[in-house]
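Each remark here refers to the structure printed beneath this line.
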Amino acid sequence: MGKYIEMIRIRFLMMLAYRTNYYSGILIYSINIGAYYFLWSAIYGGKENIQGLSITQMTTYIAVAWMARAFYFNNIDREIAMEIKEGKVAVEMVRPYPYLNMKMMQGLGEGIFRLLFFSVPGMIIVALVFPIELSTNASTWLLFFLSITFSFIINTQINLLAGIATFFLFNNDGLIRAKRVVIDLFSGLILPLSFYPMWAQNVMSYLPFQGISYIPSMIFTEGFKGSQIYEALLNQAIWSLLLIIPVYGLWILAKRQLVVQGG
Amino acid sequence: MQNIIDVQGLKKEFKSFSSRSGLKGAFRDLFTRNYTIKTAVDDISFTIKKGEMVGYIGENGAGKSTSIKMLTGILTPTDGKIVVNGMNPHKEREKFVKTIGVVFGQRSQLWWDIAVQESFRLLKKIYNVPDQQYEEHMKDVIETLDIGPLLDKPVRKLSLGQRMRCELAAALIHNPPLLFLDEPTIGLDVLVKLRIREFLKRINEKYGTTILLTTHDLSDIEALCERVVMLDEGKIIYDGPLKELRENWAEGKQIQFQFSEEATLEELQHLTQEHLVVWEKGESDLVWVASVEADETVISGVIGKVTAAKKIADLKILEISTEEIIRNIYVEGAVRHG
């Protein structure tokens, strides 16, 4: 356990070493949230609510979705791809730890850093500018944090899958980029899933992506009520466990396939 | 003494794809690929005992790195048996790698953006090294490698020589009984090389650390290893003491005379007619080189005769260097045994 905590700490230090990147990051996220706010105000155009969400709930949804993204989002897919391409994975393999777990911990270090230095200040700025309703209910916050933890797990597992695919494809920049778009779209970051046509909602309910952004954002905005919340959390938990299977399966195949490039 | 490394019939094959030529060929490649099987390591067997320092040499592409990667558990062998530190490196990877240290000269193991000591701290946690053992052991390592002042600098700000010394220290944090060094002195200056060699000798003496070293710099091997394993095209072509290799291959010596007066070939041949000598003219008219058998009476006989008859300004006895020997072996492709 000590090594994992140490790894999170190291990642934290690495992020601090390049902290200036984050000032621009906060700006970009704020602009994104602003753009969506104005877009949605135009769409609502005086209507009380659409699909059961009021305009304030919608703005809160967008703001929370982006701030949660800062936590669950990480670049470990690209990092794994890079390590494989440059042959650095050789160094990782002579270390006495499970590579995937360690990568996940690095992602967590990155996530915690962003949550503290990015999401929190970002949320304060956004709350000052836009009409956002933050819940005062402690249990909502608690459930939200539980939910974004699952978001992190699901998103990281998908990232691991995309990263490990490099072992077979050698160059999978395209796959990684496609994956990013699919997640942004199908997770409900850009548009809440309840706005999609019925058939698309049906398809998406069988996919893990809604657990990444839609569920935590709906919990936070209190768009989910009562048993809906627990069903949603259960859905996330099941996907978190289920995705372990393809990740480890692919990893075992990948290790057999391993060719260390470059000498 | 027990065997630390025991390799029997080790083999590694890679599939390599070749692309067809032209546009039509490229389209065909989309559906079926041509591939050839390349054998990087072909049926090698050797054992290494505890406390040995072994030089593992070969040309580029001879299979050194591939076999090191199999020994460290990074690659799965196609065939054959490997037992290192009593374990199968690939099967029991996590447990196994705790008992070895690895330095890849061309790849950094330290984290690029953070201070060296943070990397050390992380590695200490990863290898579960107790505080007391770490303090004792690393204090010694840091002192001998003289990296104390570098510890608070990020790795990206270190020079190659400084980084390499830190890499070596990082590989030794858990004081492993077996150390793999893959070209540890690549691109380093003479002083750093000397320091690293001294350090390796020291840990070998102090802790009985077994060291397997690959390098292109044969002076490393000469300074450190008594035994060499030589690879060519995936096969072991020599495994034995470096001394024997030198004796069998360095036939004869060369004596270089610099005369203070002009000498002719006939004159010199006449002087040394009792012995089997081949005279060659050197860089100038005054310099002549005599190639003779490596036999003391012949050498002193030739020197005696020549110096008695002619005035000389300088005299050198040249031995064939290990580098030349290795080159000869590769040119001939096999090793002759005594």
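The values are calculated or read from the model by the stated rules, or taken from the named source; none is laboratory data. None of the values given here were measured: they were computed from a predicted structure. FYI the Cβ positions are ideal-geometry reconstructions off the backbone, even for glycines, and counts take in every protein chain you see. Ligands, DNA and RNA are stripped out before the accessible areas are found, and what is left, the full protein with its side chains, is counted by its heavy atoms. Shrake-Rupley method; radii C 1.70, N 1.55, O 1.52, S 1.80 Å.
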For residue A:165, only one of the following conditions fails: (1) farther than 19 Å from residue A:74 by Cα; (2) open to solvent by less than 50 Å² (accessible area, probe 1.4 Å); (3) more than 15 Å from the chain's Cα centre (by Cα). What is its number? (1)
So for region B:125-133 (the condition being assigned to a loop (DSSP other than H, G, I, E, B), at the interface with chain A (Cβ under 8 Å from one of its Cβ atoms) and farther than 25 Å from residue B:10 by Cβ), does at least one residue qualify? yes
Given the condition polar (S, T, N, Q), assigned to a helix (DSSP H, G or I) and touching a residue at least 12 places away in the same chain (Cβ under 8 Å), answer yes or no: does some residue in region A:24-31 qualify? yes
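Among the candidates A:66, A:40, which residue alone is among the aromatic types (Phe, Trp, Tyr), in contact with a Leu (Cβ under 9 Å, 6 or more places away or on another chain) and either under 30 Å from residue A:99 (Cβ atoms) or more than 12 Å from chain B (Cβ to nearest Cβ) (or both)? Lay out the reasoning, then the answer.
Working: A:40 fails: in contact with a Leu (Cβ under 9 Å, 6 or more places away or on another chain).
Testing whether each residue is among the aromatic types (Phe, Trp, Tyr), in contact with a Leu (Cβ under 9 Å, 6 or more places away or on another chain) and either under 30 Å from residue A:99 (Cβ atoms) or more than 12 Å from chain B (Cβ to nearest Cβ) (or both) leaves just A:66.
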Just need a number here: residues in region B:35-52 that are away from chain A (no Cβ under 14 Å), at negative phi and open to solvent by 70 Å² or more (accessible area, probe 1.4 Å). 3
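Restricting attention to region B:97-118, which residues are more than 8 Å from chain A (Cβ to nearest Cβ) and open to solvent by less than 40 Å² (accessible area, probe 1.4 Å)? Spell out the reasoning first.
We begin by selecting, within region B:97-118, every residue more than 8 Å from chain A (Cβ to nearest Cβ); these are B:99, B:101, B:103, B:105, B:110, B:112, B:115-117.
Selection gives B:99, B:101, B:103, B:105, B:110, B:115, B:116.
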Of everything in region A:81-136, what is at pLDDT 85 or above, of a type in the set (S, T, N, Q) and open to solvent by less than 30 Å² (accessible area, probe 1.4 Å)? Give them in sequence order. A:106
Can you work out which of the residues in region B:126-156 that are open to solvent by less than 80 Å² (accessible area, probe 1.4 Å) and free of Cβ contacts under 8 Å to residues at least 12 places away in the same chain is farthest from residue B:216 (Cα to Cα)? B:130
All but one of (1) surrounded by fewer than 21 Cβ atoms within 10 Å (Cβ to Cβ); (2) modelled with pLDDT under 90; (3) within 10 Å of chain A (Cβ to nearest Cβ) hold for residue B:78, so report the exception by its number. (3)
Being more than 29 Å from residue B:327 (Cβ to Cβ) and loosely packed, with under 12 Cβ neighbours inside 10 Å is the filter here, so list the residues in region B:265-284 that pass it. B:266, B:270, B:273, B:274
Within the group B:92, B:13, which residue is of a type outside the set (Gly, Ala, Ser), within 14 Å of another protein chain (Cβ to nearest Cβ), farther than 29 Å from residue B:217 by Cα and open to solvent by less than 80 Å² (accessible area, probe 1.4 Å)? B:92
